[in-house]
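Just so you know, all these numbers are worked out from the coordinates, no wet-lab data involved. Here the structure is a predicted model, which means the values were calculated and not measured. Cβ sites come from the backbone with ideal geometry, for glycine too, and all protein chains shown count toward neighbours.
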Amino acid sequence: MGITRTVTTQVYCDVCGKWVIGWESEETGVSREWAKYHARCKGCTAGQKVICKECRIKQRIKKCSLQKKWGAAGMDGGACLGFSHDGDDEPIERCKRCIACTSFDWDEEKERLKL
């Protein structure tokens, strides 16, 4: 009789408890660092806590100094529309770099994090 070992890795958000990513592997498991890497590629932070993309956006909106100063910006499906100059639909550069803004480039962020 042969013995096989299956290792299951599941990553959950420490804030909301939402499942982020998971997989099974035969014989050898995946290190914590690899799990963090794959979670980051999904838009999570993975330091002391794993925080999913949605929770990161909520936290960023709460901490936004522009919203504290000028009031709430428009929202689009849980993401911020950002602030713009008078008569312009394009968000200011500071908003474009914010993860909570709808115009944030998640694909560029994913490329930046690749090994």
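Structure values in brief
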read-out: Angle in degrees between helix 32-41 and the longest Cα principal axis of the chain, rounded to the nearest 10; value: 40
read-out: Summed residue charge, Cβ within 15 Å of Arg97's Cβ, Lys/Arg positive, Asp/Glu negative; value: 0
read-out: Reach of Lys68 by Cα under 16 Å, taken over lysines that are not fewer than 8 positions away in the same chain; value: Lys58
read-out: CD proxy at 222 nm, helix term only [per DSSP H run n ≥ 4: -39500 (n - 2.57); per residue of the chain; nearest 500]; value: -9000 deg cm²/dmol
read-out: Computed FRET value (nearest 0.05) for Ser65 with Arg32, which takes r as the C-beta separation and R₀ as 35 Å; value: 0.55
read-out: Listed peptides 65-77, 49-61, 99-111 by packing density, highest first (mean Cβ within 10 Å); value: 49-61, 99-111, 65-77
read-out: Point-charge dipole on Cβ atoms (K/R +1, D/E -1) for the chain, about Cα centre, debye to 20; value: 660
